[in-house]
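Encoded as structure tokens, the structure appears first; notes follow it.
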Amino acid sequence: MPGRKAKYREFLHTLKDVTGTNVGQLAKLIGKKPSNVSDYLSGAKSVKKLAMRSAIRHLSEWSVIEDVTMLPIDQRNSVCQHPGIYFIYDSAGNCVYIGKASNLRTEVGARLTTKKLRHGIWRDPKIKLTRYPILDVAAFVTTFRVDSPRLRHNMEALFLVTVINQTQNANKGKFK
């Protein structure tokens, strides 16, 4: 079709304007080389359908960056202050709590000091129904930086559904 390439080029121009980026920033955003994006925008190079699919896929991806893995709980102040999801483990490596946070360091600290396990420790030989503070049980924390609020919520929900028998979360994995 004769007009398709012009529409793709116009789409890239619109994307550049809407995102308020320069050519280099747009290239990074859509996962392309800056020289190719410059050529696409100027018309020196035609934009193919495969390139457009790849650009849209890169544009819609959300990043998940590992912060710390199995960090001893007494070193929790080295957790980043970015938004993300976190896992709290007991000394046997069982996940006892999964949460999402807009500030990982603050949220992990708050959960450890205020949250109690709702059903007590299930391995207690006396099978007490006592509610134990997570800090009494926690040994390790793992955190991942996730900037997108929707992705944070959905990742937390996914993990709660997959390890629901071990965690003590009230939220049982509701997707948005």
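The values are calculated or read from the model by the stated rules, or taken from the named source; none is laboratory data. This structure is a prediction, so every number in the text was calculated from the model and none was measured. Glycine gets a Cβ as well: all are built from the backbone with ideal geometry, and neighbour counts include every protein chain shown. Calculation scope for accessible area: heavy atoms of the full protein, side chains included, ligands and nucleic acids excluded. Shrake-Rupley method; radii C 1.70, N 1.55, O 1.52, S 1.80 Å.
Brief remarks on what is shown
- Filter result (of a type in the set (S, T, N, Q), modelled with pLDDT under 90, under 27 Å from Asn154 (Cβ atoms) and assigned to a loop (DSSP other than H, G, I, E, B)) within the stretch 84-138: Asn94
- Remark: pairs (first residue in the stretch 88-104, more than 16 Å from Leu135 (Cα to Cα); second residue open to solvent by 40 Å² or more (accessible area, probe 1.4 Å) and of a type in the set (Ser, Thr, Tyr); Cβ separation under 6 Å; 6+ apart in sequence or on different chains) are absent.
- Failed criterion for Lys16 (all others in (1) under 30 Å from Val137 (Cα atoms); (2) of a type in the set (D, E, K, R); (3) touching a residue at least 24 places away in the same chain (Cβ under 8 Å) hold): (1)
- Among residues that are over 22 Å from Arg152 (Cβ atoms) and among the basic types (Lys, Arg), Arg57 is not included.
- Criterion (in a helix (DSSP H, G or I) and surrounded by 11 or more Cβ atoms within 10 Å (Cβ to Cβ)) met by exactly one of Leu71, Leu15: Leu15
- Of all residues in the stretch 18-55, exactly one satisfies the criterion of being open to solvent by 70 Å² or more (accessible area, probe 1.4 Å), closer than 30 Å to Leu104 by Cβ and modelled with pLDDT under 90, namely Lys28.
- Verdict on Val64 being among the hydrophobic types (A, V, I, L, M, F, W, C) and open to solvent by 50 Å² or more (accessible area, probe 1.4 Å): yes
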